[in-house]
Amino acid sequence: MVDSAASVIKAAVAALKANAAVTTLVAGRVFSDVPEASTFPYIVLSIQSQPFAANDFSGQSHTLKIQTFSRDKTIGGALLVRAAALTALDRNEQALTLDAGTLVKCEYTGFSDAFKEDDGRTWQGYAELEVVVV
């Protein structure tokens, strides 16, 4: 079994950067590693992976974590970016081109959150997608 986590992150970053609604909001600021002094708003992707096996195939189940960051005065900016990112990826498997493995599904898990960071100025939106690769 090939570890497909890096391929999933790479494909998700590319898909979000190619999405017009996302680009309108974050101007291509979609990262897996945030550069220092980044301009707000932006999106950060991370991933958690778990292997699985069946009788005749194996693969990985990934939790793709979307974090959106905004310095707007209200939570609205972070929520708007989160919604655009979810719309771009949820059940839109054709938008993701993997270097390794075959994408089976990319689906919103239903888990999301939004809150103000401890700095008192930054809003964070959060959502998870289940991504299955064989």
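The values are calculated or read from the model by the stated rules, or taken from the named source; none is laboratory data. The shown structure was predicted, so the numbers you read here are calculated from the model rather than taken from an experiment. Don't worry about glycine lacking a Cβ; one is built from the backbone with ideal geometry, like all the others, and counts go over all protein chains shown. Calculation scope for accessible area: heavy atoms of the full protein, side chains included, ligands and nucleic acids excluded. Shrake-Rupley method; radii C 1.70, N 1.55, O 1.52, S 1.80 Å.
Test of understanding: among Lys73, Lys116, Lys17, Lys10, which residue is closer than 17 Å to Val131 by Cβ and of a type in the set (Lys, Arg)? If you could, list the steps in order and put the result at the bottom.
Numbers: Lys73 fails: closer than 17 Å to Val131 by Cβ; Lys116 fails: closer than 17 Å to Val131 by Cβ; Lys17 fails: closer than 17 Å to Val131 by Cβ.
One residue alone meets the criteria, Lys10.
Out of the residues in segment 80-134 meeting the condition of being of a type in the set (A, V, I, L, M, F, W, C) and in contact with a His (Cβ under 8 Å, 6 or more places away or on another chain), tell me which one is nearest to Leu25 (Cα to Cα).
Val131
Which ones in segment 18-45 are hydroxyl-bearing (Ser, Thr, Tyr), open to solvent by less than 30 Å² (accessible area, probe 1.4 Å) and assigned to a loop (DSSP other than H, G, I, E, B)?
Ser38
Under 8 Å between Cβ atoms, at least 6 apart or on separate chains: pull out the pairs that start in segment 4-27 with a residue that is under 23 Å from Thr102 (Cβ atoms) and end on any residue that is open to solvent by 10 Å² or more (accessible area, probe 1.4 Å) and of a type in the set (Asp, Glu).
Cβ pairs passing all conditions: Ala6/Asp99; Ser7/Asp99; Lys10/Asp99; Ala11/Asp99.
Say we look at segment 95-128 and pick out the residues that are β-branched (Val, Ile, Thr) and open to solvent by 40 Å² or more (accessible area, probe 1.4 Å); which of these is farthest from Lys10 (Cα to Cα)?
Thr109
Would you point out the residue of segment 62-94, among those that are assigned to a loop (DSSP other than H, G, I, E, B) and either acidic (Asp, Glu) or within 18 Å of Lys17 (Cα to Cα) (or both), that is least open to solvent (accessible area, probe 1.4 Å)?
In the first step, residues of segment 62-94 are kept if they are assigned to a loop (DSSP other than H, G, I, E, B); the result is 71-75, 90-92.
Filter once more, keeping what is either acidic (Asp, Glu) or within 18 Å of Lys17 (Cα to Cα) (or both): 72, 90-92.
Working: Asp72: 77, Asp90: 54, Arg91: 157, Asn92: 37 Å².
Ranking the qualifying residues of segment 62-94, first place goes to Asn92.
Which one of the conditions (1) over 16 Å from Leu25 (Cα atoms); (2) not in a strand (DSSP E or B) does Gly59 fail to meet, given that it meets all the rest?
The single condition Gly59 does not satisfy is (2).
Which pairs have Cβ atoms under 6 Å, sit 6 or more apart or on different chains, and link a residue in segment 104-120 that is within 26 Å of Ser7 (Cα to Cα) to one that is open to solvent by 80 Å² or more (accessible area, probe 1.4 Å)?
Pairs that qualify, where the first residue is within 26 Å of Ser7 (Cα to Cα) and the partner is open to solvent by 80 Å² or more (accessible area, probe 1.4 Å), are Glu107/Arg91.
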